[in-house]
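Some notes on the structure that comes next.
The values are calculated or read from the model by the stated rules, or taken from the named source; none is laboratory data. What you are looking at is a predicted structure, and each value in this text was computed from that prediction instead of being measured. We place every Cβ from the backbone using ideal geometry, glycine too, and count neighbours over all the protein chains shown. Please note that ligands, DNA and RNA were not included when accessible areas were found on the heavy atoms of the full protein model with its side chains. Shrake-Rupley method; radii C 1.70, N 1.55, O 1.52, S 1.80 Å.
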Amino acid sequence: MPNLSEIDFGQLRAGRLARLQTMLKRHDFPVALLYNTANIRYATGVDVMAVWTAGTFARYCLVPAEGAPILFEYKGSIHVSQKVVRDVRPAYTWQYGGTAARDKARDWARSIRSTLRELGLERERLAVDKLDAAGFLALHEEGIAITDVGPATVDAREVKTPEEVALFAINGGIGDAMLAEFEAAIRPGIREYELLAVLSDALLRRHGEGLYTRLVASGTNTNPWLTEAHDKVVMPGDLVGVDTDANGYEGYVIDVSRTFLCGTTPSPEQKEAYRVAYDCVNGMFDLVRPGMTFEEFAGKAPRLPSAYAAQRYPTMVHQAGLEDEGPGIPYPDDDRGPRRIMPERELKENMVLCLECYAGKPGAPFGVKLEDQVLVTADGARLICTYPYDAKLLD
(Lines give C-alpha, C1' and ligand atoms only; values in the text may rest on other atoms or scores of the structure.)
Protein backbone atom coordinates (compact mmCIF):
# COMPACT_ATOMS: atom_id res chain seq x y z
CA MET A 1 0.00 0.00 0.00
CA PRO A 2 1.47 3.40 -0.94
CA ASN A 3 1.94 6.15 1.61
CA LEU A 4 -0.06 9.33 1.20
CA SER A 5 3.23 11.22 1.01
CA GLU A 6 4.03 9.32 -2.18
CA ILE A 7 0.99 10.65 -4.05
CA ASP A 8 1.45 13.78 -6.15
CA PHE A 9 -1.94 15.47 -5.80
CA GLY A 10 -1.01 18.16 -8.31
CA GLN A 11 -0.35 15.43 -10.85
CA LEU A 12 -3.58 13.68 -9.84
CA ARG A 13 -5.57 16.79 -10.74
CA ALA A 14 -3.58 17.53 -13.89
CA GLY A 15 -3.85 13.93 -15.13
CA ARG A 16 -7.60 13.79 -14.69
CA LEU A 17 -8.14 17.14 -16.41
CA ALA A 18 -5.91 16.07 -19.30
CA ARG A 19 -7.95 12.89 -19.80
CA LEU A 20 -11.21 14.83 -19.71
CA GLN A 21 -10.03 17.44 -22.19
CA THR A 22 -8.68 14.75 -24.51
CA MET A 23 -12.10 13.13 -24.58
CA LEU A 24 -13.88 16.44 -25.05
CA LYS A 25 -11.79 16.96 -28.19
CA ARG A 26 -12.34 13.38 -29.35
CA HIS A 27 -16.11 13.83 -29.17
CA ASP A 28 -15.99 17.33 -30.68
CA PHE A 29 -17.18 19.09 -27.53
CA PRO A 30 -15.41 22.49 -27.36
CA VAL A 31 -16.67 23.21 -23.84
CA ALA A 32 -18.50 21.40 -21.04
CA LEU A 33 -20.81 22.57 -18.26
CA LEU A 34 -20.61 20.17 -15.31
CA TYR A 35 -23.01 19.97 -12.36
CA ASN A 36 -22.43 16.35 -11.32
CA THR A 37 -20.35 16.53 -8.13
CA ALA A 38 -17.98 13.73 -9.19
CA ASN A 39 -17.45 15.32 -12.61
CA ILE A 40 -16.66 18.67 -10.97
CA ARG A 41 -14.17 16.98 -8.66
CA TYR A 42 -12.61 15.06 -11.55
CA ALA A 43 -12.13 18.26 -13.55
CA THR A 44 -11.05 20.65 -10.79
CA GLY A 45 -9.86 18.56 -7.84
CA VAL A 46 -12.32 20.27 -5.49
CA ASP A 47 -15.26 18.81 -3.60
CA VAL A 48 -17.53 20.88 -1.36
CA MET A 49 -20.31 19.36 0.77
CA ALA A 50 -20.87 16.61 -1.80
CA VAL A 51 -24.01 15.08 -0.30
CA TRP A 52 -25.80 18.42 -0.11
CA THR A 53 -24.54 19.91 -3.37
CA ALA A 54 -25.37 16.72 -5.30
CA GLY A 55 -29.05 17.60 -5.10
CA THR A 56 -29.07 21.38 -4.99
CA PHE A 57 -27.48 22.70 -8.21
CA ALA A 58 -25.40 24.93 -5.95
CA ARG A 59 -22.07 24.73 -7.82
CA TYR A 60 -20.86 24.03 -11.36
CA CYS A 61 -17.88 24.47 -13.64
CA LEU A 62 -17.14 25.28 -17.24
CA VAL A 63 -14.37 23.17 -18.76
CA PRO A 64 -13.05 24.20 -22.19
CA ALA A 65 -11.38 21.52 -24.28
CA GLU A 66 -8.26 23.70 -24.06
CA GLY A 67 -7.35 25.91 -21.13
CA ALA A 68 -8.15 26.05 -17.44
CA PRO A 69 -11.58 25.25 -15.95
CA ILE A 70 -13.67 28.00 -14.38
CA LEU A 71 -15.34 26.91 -11.15
CA PHE A 72 -18.56 28.59 -10.05
CA GLU A 73 -18.67 27.89 -6.36
CA TYR A 74 -21.31 28.08 -3.64
CA LYS A 75 -20.68 31.57 -2.34
CA GLY A 76 -19.87 30.58 1.23
CA SER A 77 -17.26 28.05 0.08
CA ILE A 78 -15.27 30.11 -2.42
CA HIS A 79 -12.34 30.29 0.00
CA VAL A 80 -12.19 26.47 0.06
CA SER A 81 -11.93 26.11 -3.71
CA GLN A 82 -9.45 28.95 -4.11
CA LYS A 83 -6.84 26.79 -2.38
CA VAL A 84 -6.79 24.57 -5.48
CA VAL A 85 -8.46 26.32 -8.43
CA ARG A 86 -7.15 29.56 -9.90
CA ASP A 87 -10.41 30.93 -11.34
CA VAL A 88 -13.28 30.64 -8.84
CA ARG A 89 -16.44 32.73 -9.18
CA PRO A 90 -19.73 32.87 -7.24
CA ALA A 91 -22.39 30.48 -8.50
CA TYR A 92 -25.86 31.49 -9.59
CA THR A 93 -28.68 29.48 -8.01
CA TRP A 94 -32.44 29.43 -8.45
CA GLN A 95 -33.64 26.12 -7.05
CA TYR A 96 -35.54 27.54 -4.09
CA GLY A 97 -36.69 30.69 -5.86
CA GLY A 98 -40.31 29.67 -6.30
CA THR A 99 -42.00 31.96 -8.81
CA ALA A 100 -38.77 33.96 -9.09
CA ALA A 101 -36.78 30.90 -10.18
CA ARG A 102 -37.32 31.51 -13.88
CA ASP A 103 -35.85 35.02 -13.74
CA LYS A 104 -32.94 33.77 -11.62
CA ALA A 105 -32.26 31.00 -14.15
CA ARG A 106 -32.31 33.55 -16.98
CA ASP A 107 -29.65 35.60 -15.16
CA TRP A 108 -27.59 32.40 -14.86
CA ALA A 109 -27.97 31.59 -18.56
CA ARG A 110 -26.82 35.10 -19.46
CA SER A 111 -23.78 34.66 -17.22
CA ILE A 112 -22.99 31.37 -18.98
CA ARG A 113 -23.19 33.09 -22.35
CA SER A 114 -20.94 35.90 -21.09
CA THR A 115 -18.34 33.41 -19.86
CA LEU A 116 -18.47 31.48 -23.14
CA ARG A 117 -17.88 34.77 -24.95
CA GLU A 118 -14.91 35.41 -22.66
CA LEU A 119 -13.51 32.01 -23.67
CA GLY A 120 -14.13 32.65 -27.37
CA LEU A 121 -16.69 29.84 -27.42
CA GLU A 122 -19.99 31.74 -27.51
CA ARG A 123 -21.18 30.11 -30.74
CA GLU A 124 -20.13 26.58 -29.83
CA ARG A 125 -22.27 23.73 -28.51
CA LEU A 126 -22.28 23.40 -24.75
CA ALA A 127 -21.90 19.81 -23.52
CA VAL A 128 -23.84 19.37 -20.25
CA ASP A 129 -24.09 16.51 -17.74
CA LYS A 130 -27.31 17.51 -15.94
CA LEU A 131 -29.76 20.37 -15.55
CA ASP A 132 -33.17 20.88 -14.03
CA ALA A 133 -36.11 22.10 -16.11
CA ALA A 134 -35.54 25.76 -15.27
CA GLY A 135 -31.89 25.60 -16.30
CA PHE A 136 -32.61 23.75 -19.53
CA LEU A 137 -35.31 26.21 -20.54
CA ALA A 138 -33.14 29.19 -19.65
CA LEU A 139 -30.28 28.02 -21.90
CA HIS A 140 -32.77 27.29 -24.67
CA GLU A 141 -34.28 30.76 -24.39
CA GLU A 142 -30.79 32.28 -24.44
CA GLY A 143 -30.12 30.45 -27.72
CA ILE A 144 -27.33 28.25 -26.37
CA ALA A 145 -27.20 24.88 -28.12
CA ILE A 146 -26.58 22.01 -25.72
CA THR A 147 -25.63 18.37 -26.03
CA ASP A 148 -24.91 15.47 -23.68
CA VAL A 149 -21.36 15.41 -22.30
CA GLY A 150 -21.75 11.79 -21.12
CA PRO A 151 -19.73 10.14 -23.93
CA ALA A 152 -16.69 12.26 -23.00
CA THR A 153 -16.92 11.97 -19.20
CA VAL A 154 -17.49 8.20 -19.35
CA ASP A 155 -14.53 7.70 -21.69
CA ALA A 156 -12.31 9.94 -19.56
CA ARG A 157 -13.05 8.36 -16.21
CA GLU A 158 -13.10 4.66 -17.14
CA VAL A 159 -9.28 4.28 -17.14
CA LYS A 160 -7.57 5.39 -13.95
CA THR A 161 -4.39 7.44 -13.82
CA PRO A 162 -1.41 6.17 -11.78
CA GLU A 163 -2.32 8.49 -8.92
CA GLU A 164 -5.90 7.21 -8.92
CA VAL A 165 -4.64 3.61 -8.82
CA ALA A 166 -2.53 4.50 -5.77
CA LEU A 167 -5.56 6.04 -4.05
CA PHE A 168 -7.57 2.89 -4.71
CA ALA A 169 -4.85 0.88 -3.01
CA ILE A 170 -5.07 3.12 0.06
CA ASN A 171 -8.85 2.85 0.09
CA GLY A 172 -8.64 -0.91 -0.27
CA GLY A 173 -6.90 -0.99 3.08
CA ILE A 174 -9.64 1.19 4.56
CA GLY A 175 -12.25 -1.19 3.17
CA ASP A 176 -10.52 -4.17 4.76
CA ALA A 177 -10.53 -2.39 8.13
CA MET A 178 -14.21 -1.50 7.77
CA LEU A 179 -15.14 -5.12 7.12
CA ALA A 180 -12.93 -6.41 9.94
CA GLU A 181 -14.55 -4.11 12.50
CA PHE A 182 -18.01 -4.86 11.10
CA GLU A 183 -17.56 -8.65 11.36
CA ALA A 184 -16.11 -8.36 14.86
CA ALA A 185 -19.19 -6.43 15.99
CA ILE A 186 -21.71 -9.06 14.87
CA ARG A 187 -23.42 -10.69 17.86
CA PRO A 188 -26.93 -11.70 18.89
CA GLY A 189 -28.87 -8.66 20.05
CA ILE A 190 -27.11 -5.98 18.05
CA ARG A 191 -29.33 -4.03 15.68
CA GLU A 192 -28.69 -3.46 12.01
CA TYR A 193 -28.31 0.31 12.39
CA GLU A 194 -25.73 -0.25 15.14
CA LEU A 195 -23.69 -2.35 12.72
CA LEU A 196 -24.06 0.43 10.15
CA ALA A 197 -22.61 2.82 12.73
CA VAL A 198 -19.61 0.51 13.20
CA LEU A 199 -19.04 0.54 9.44
CA SER A 200 -19.29 4.31 9.21
CA ASP A 201 -17.05 4.86 12.25
CA ALA A 202 -14.35 2.63 10.79
CA LEU A 203 -14.47 4.64 7.56
CA LEU A 204 -14.48 8.12 9.07
CA ARG A 205 -11.68 7.40 11.56
CA ARG A 206 -9.46 6.53 8.58
CA HIS A 207 -10.16 9.78 6.70
CA GLY A 208 -12.92 8.37 4.50
CA GLU A 209 -15.74 10.68 3.50
CA GLY A 210 -19.00 8.84 4.06
CA LEU A 211 -21.42 6.06 3.20
CA TYR A 212 -23.74 6.59 0.26
CA THR A 213 -26.12 3.72 1.08
CA ARG A 214 -27.19 1.97 4.30
CA LEU A 215 -26.93 -1.59 3.00
CA VAL A 216 -26.72 -3.67 6.16
CA ALA A 217 -29.31 -6.45 6.47
CA SER A 218 -29.78 -9.54 8.61
CA GLY A 219 -31.93 -12.66 8.62
CA THR A 220 -35.10 -12.28 6.58
CA ASN A 221 -34.08 -8.74 5.60
CA THR A 222 -31.37 -10.25 3.39
CA ASN A 223 -34.00 -11.63 0.98
CA PRO A 224 -34.66 -9.90 -1.33
CA TRP A 225 -31.47 -7.85 -1.22
CA LEU A 226 -31.41 -4.01 -1.01
CA THR A 227 -33.33 -3.63 2.26
CA GLU A 228 -31.35 -0.98 4.14
CA ALA A 229 -30.41 -0.98 7.81
CA HIS A 230 -33.34 -0.81 10.22
CA ASP A 231 -33.95 -1.63 13.87
CA LYS A 232 -34.08 -5.40 13.34
CA VAL A 233 -32.18 -7.34 16.00
CA VAL A 234 -29.58 -9.83 14.78
CA MET A 235 -30.49 -13.31 15.98
CA PRO A 236 -28.34 -16.45 16.43
CA GLY A 237 -28.00 -18.22 13.10
CA ASP A 238 -28.82 -15.12 11.03
CA LEU A 239 -26.87 -14.27 7.92
CA VAL A 240 -25.69 -10.65 8.03
CA GLY A 241 -24.99 -8.95 4.72
CA VAL A 242 -23.16 -5.68 4.11
CA ASP A 243 -22.22 -3.58 1.10
CA THR A 244 -19.58 -1.00 2.05
CA ASP A 245 -20.80 1.57 -0.52
CA ALA A 246 -18.45 4.28 0.72
CA ASN A 247 -16.51 7.23 -0.56
CA GLY A 248 -13.10 6.73 0.94
CA TYR A 249 -10.03 8.92 1.10
CA GLU A 250 -10.07 11.67 -1.58
CA GLY A 251 -13.56 10.46 -2.56
CA TYR A 252 -12.70 7.18 -4.28
CA VAL A 253 -15.31 4.46 -3.98
CA ILE A 254 -14.93 1.47 -1.66
CA ASP A 255 -17.52 -1.03 -2.89
CA VAL A 256 -17.26 -4.54 -1.49
CA SER A 257 -19.97 -6.90 -0.20
CA ARG A 258 -19.67 -9.70 2.32
CA THR A 259 -22.16 -11.92 4.09
CA PHE A 260 -21.34 -13.31 7.53
CA LEU A 261 -22.93 -15.88 9.82
CA CYS A 262 -23.96 -14.85 13.33
CA GLY A 263 -22.96 -18.11 14.97
CA THR A 264 -20.79 -21.10 14.25
CA THR A 265 -22.91 -23.64 12.38
CA PRO A 266 -24.61 -22.65 9.13
CA SER A 267 -27.48 -24.64 7.68
CA PRO A 268 -26.96 -26.63 4.45
CA GLU A 269 -29.25 -24.18 2.65
CA GLN A 270 -27.20 -21.19 3.82
CA LYS A 271 -24.01 -22.87 2.65
CA GLU A 272 -25.56 -23.64 -0.73
CA ALA A 273 -26.55 -20.02 -1.35
CA TYR A 274 -23.14 -18.82 -0.20
CA ARG A 275 -21.37 -21.23 -2.55
CA VAL A 276 -23.52 -20.06 -5.48
CA ALA A 277 -22.58 -16.41 -4.90
CA TYR A 278 -18.93 -17.28 -4.18
CA ASP A 279 -18.54 -19.30 -7.38
CA CYS A 280 -20.18 -16.54 -9.42
CA VAL A 281 -17.91 -13.74 -8.15
CA ASN A 282 -14.74 -15.79 -8.37
CA GLY A 283 -15.65 -17.13 -11.79
CA MET A 284 -15.93 -13.53 -13.02
CA PHE A 285 -12.64 -12.67 -11.32
CA ASP A 286 -10.89 -15.40 -13.31
CA LEU A 287 -12.33 -14.08 -16.59
CA VAL A 288 -11.06 -10.50 -16.36
CA ARG A 289 -8.58 -9.67 -19.12
CA PRO A 290 -7.86 -6.43 -20.99
CA GLY A 291 -9.30 -6.54 -24.49
CA MET A 292 -12.28 -8.74 -23.66
CA THR A 293 -15.53 -7.17 -24.82
CA PHE A 294 -18.37 -6.67 -22.37
CA GLU A 295 -20.54 -8.99 -24.47
CA GLU A 296 -17.88 -11.71 -24.46
CA PHE A 297 -17.47 -11.38 -20.70
CA ALA A 298 -21.23 -11.63 -20.15
CA GLY A 299 -21.43 -14.71 -22.33
CA LYS A 300 -18.63 -16.52 -20.47
CA ALA A 301 -19.51 -15.47 -16.92
CA PRO A 302 -20.94 -18.15 -14.58
CA ARG A 303 -24.69 -18.66 -14.68
CA LEU A 304 -26.69 -18.82 -11.49
CA PRO A 305 -28.74 -22.00 -10.94
CA SER A 306 -32.31 -21.55 -12.13
CA ALA A 307 -33.68 -21.45 -8.57
CA TYR A 308 -31.70 -18.23 -7.97
CA ALA A 309 -32.17 -16.54 -11.34
CA ALA A 310 -35.35 -14.57 -10.60
CA GLN A 311 -33.66 -12.46 -7.91
CA ARG A 312 -30.30 -11.94 -9.58
CA TYR A 313 -28.57 -8.65 -8.94
CA PRO A 314 -29.37 -6.03 -11.63
CA THR A 315 -25.86 -6.22 -13.13
CA MET A 316 -22.88 -8.55 -13.01
CA VAL A 317 -20.28 -5.79 -13.16
CA HIS A 318 -20.13 -2.05 -12.73
CA GLN A 319 -17.24 0.38 -12.74
CA ALA A 320 -16.12 2.62 -9.90
CA GLY A 321 -14.15 5.81 -9.45
CA LEU A 322 -15.30 8.94 -7.65
CA GLU A 323 -18.77 7.34 -7.74
CA ASP A 324 -20.29 4.16 -9.11
CA GLU A 325 -19.54 4.51 -12.79
CA GLY A 326 -20.63 2.90 -15.99
CA PRO A 327 -21.52 1.46 -18.19
CA GLY A 328 -21.74 -1.88 -16.44
CA ILE A 329 -22.15 -5.39 -17.76
CA PRO A 330 -25.74 -6.68 -17.52
CA TYR A 331 -26.86 -10.28 -17.63
CA PRO A 332 -27.29 -11.02 -21.35
CA ASP A 333 -30.62 -12.81 -20.82
CA ASP A 334 -32.17 -10.37 -18.35
CA ASP A 335 -35.84 -9.65 -19.11
CA ARG A 336 -36.89 -8.35 -15.67
CA GLY A 337 -38.22 -5.00 -16.76
CA PRO A 338 -36.94 -2.40 -19.25
CA ARG A 339 -34.68 -3.86 -21.93
CA ARG A 340 -31.03 -3.94 -20.95
CA ILE A 341 -28.58 -2.85 -23.64
CA MET A 342 -25.19 -4.57 -23.77
CA PRO A 343 -22.57 -1.79 -24.12
CA GLU A 344 -20.22 -2.08 -27.09
CA ARG A 345 -17.13 -1.66 -24.93
CA GLU A 346 -14.15 -3.69 -23.76
CA LEU A 347 -12.18 -4.19 -20.56
CA LYS A 348 -9.10 -1.99 -20.37
CA GLU A 349 -6.04 -1.99 -18.18
CA ASN A 350 -6.46 0.23 -15.09
CA MET A 351 -10.24 0.07 -15.11
CA VAL A 352 -11.76 -0.53 -11.67
CA LEU A 353 -14.56 -3.11 -11.70
CA CYS A 354 -16.99 -4.32 -9.06
CA LEU A 355 -17.94 -7.97 -9.57
CA GLU A 356 -21.09 -8.85 -7.70
CA CYS A 357 -23.63 -11.56 -7.17
CA TYR A 358 -26.74 -12.01 -5.08
CA ALA A 359 -27.99 -15.54 -4.39
CA GLY A 360 -31.40 -15.77 -2.81
CA LYS A 361 -34.29 -18.05 -3.73
CA PRO A 362 -37.69 -16.32 -3.90
CA GLY A 363 -39.45 -16.75 -0.56
CA ALA A 364 -36.40 -18.08 1.27
CA PRO A 365 -35.67 -16.60 4.74
CA PHE A 366 -32.17 -15.46 3.75
CA GLY A 367 -29.94 -14.55 0.83
CA VAL A 368 -26.23 -13.99 0.20
CA LYS A 369 -24.61 -10.89 -1.33
CA LEU A 370 -20.93 -11.00 -2.30
CA GLU A 371 -18.89 -8.46 -4.26
CA ASP A 372 -15.23 -7.88 -4.99
CA GLN A 373 -13.63 -4.68 -6.29
CA VAL A 374 -10.74 -5.25 -8.68
CA LEU A 375 -8.19 -3.39 -10.75
CA VAL A 376 -7.79 -4.63 -14.32
CA THR A 377 -4.09 -5.32 -14.94
CA ALA A 378 -2.23 -6.71 -17.93
CA ASP A 379 -2.31 -10.12 -16.22
CA GLY A 380 -5.95 -10.08 -15.11
CA ALA A 381 -7.84 -8.89 -12.05
CA ARG A 382 -6.16 -7.71 -8.85
CA LEU A 383 -8.15 -7.34 -5.65
CA ILE A 384 -8.41 -3.83 -4.24
CA CYS A 385 -9.97 -4.97 -0.95
CA THR A 386 -8.66 -8.34 0.21
CA TYR A 387 -10.92 -9.09 3.16
CA PRO A 388 -11.61 -12.84 3.29
CA TYR A 389 -14.92 -14.60 2.87
CA ASP A 390 -16.62 -16.28 5.82
CA ALA A 391 -14.87 -19.64 6.04
CA LYS A 392 -17.73 -21.17 8.08
CA LEU A 393 -20.00 -20.81 5.07
CA LEU A 394 -17.52 -22.36 2.66
CA ASP A 395 -16.70 -25.59 4.56
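Structure above, values below:
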quantity: Loop sites in segment 1-101: GluC sites (Glu not before Pro), DSSP, at most 16 other Cβ within 10 Å; calculated: GLU66
quantity: With every protein chain in place, segment 107-265: carbon and sulfur % of accessible area (1.4 Å); calculated: 53
quantity: Student exercise, segment 17-71 dipole from Lys, Arg, Asp, Glu Cβ charges, in Debye to nearest 20; calculated: 80
quantity: Over the chain, relative contact order from alpha-carbon pairs under 8 Å, at least 6 apart, %; calculated: 14
quantity: Dipole of segment 192-231, positive direction: furthest Cα of HIS230, LEU204, SER218, with charges on the beta-carbon; calculated: LEU204
quantity: Pairwise label distance in nanometres, PHE285 with MET235, each label 7 Å out on the Cα-Cβ vector; calculated: 3.2
quantity: Accessible area of segment 34-124 divided out per residue, in Å², using a probe of 1.4 angstrom; calculated: 49
quantity: Segment 87-230 - percent relative contact order, Cα under 8 Å, separation 6 or more; calculated: 14
quantity: Distant alpha-carbon pairs in segment 105-146 (separation over 17 angstrom), percent; calculated: 20
quantity: Residues of segment 17-47 with amide N under 17 Å of the 7 Å Cα→Cβ point at GLN95; calculated: 34-41, 47
quantity: Electrostatic dipole magnitude of segment 64-153 [Cβ: Lys, Arg +1; Asp, Glu -1; Cα centre; debye, to 20]; calculated: 240
quantity: Over segment 1-93, relative contact order from alpha-carbon pairs under 8 Å, at least 6 apart, %; calculated: 24
quantity: Residue among TRP94, GLY326, THR264 farthest towards the positive dipole end of the chain, charges placed on Cβ; calculated: TRP94
quantity: Distance between modelled label sites at ARG86 and ARG275, nm, 7 Å Cα→Cβ extension; calculated: 6.3
quantity: Accessible heavy-atom area order of THR53, THR22, THR147, highest first, probe of 1.4 Å; calculated: THR22, THR147, THR53
quantity: Candidate lysines for bridging to LYS130, where Cα separation is under 16 Å - those fewer than 8 sequence places away on the same chain excluded; calculated: none
quantity: Dipole magnitude of the chain, debye to nearest 20 (Cβ charges: Lys/Arg +1, Asp/Glu -1, about Cα centre); calculated: 800
quantity: Neighbour net charge for PRO332 - beta-carbon separation under 11 angstrom, K R +1, D E -1; calculated: -2
quantity: For segment 35-100 versus segment 320-395, the gap between their alpha-carbon centres in whole angstrom; calculated: 32
quantity: Heavy atoms of MET49: accessible area, 1.4 Å probe, square angstrom to 10; calculated: 100
quantity: Cβ-based charge dipole, the chain, positive-most Cα from GLY175, VAL288, GLY363; calculated: GLY175
quantity: Solvent exposure of segment 266-322 as accessible area per residue, Å², 1.4 Å probe; calculated: 41
quantity: Listed pairs LYS300/LYS392; LYS25/LYS160; LYS232/LYS369; LYS160/LYS392; LYS25/LYS104; LYS83/LYS348 exceeding 26 Å between Cα atoms; calculated: LYS300/LYS392; LYS160/LYS392; LYS25/LYS104; LYS83/LYS348
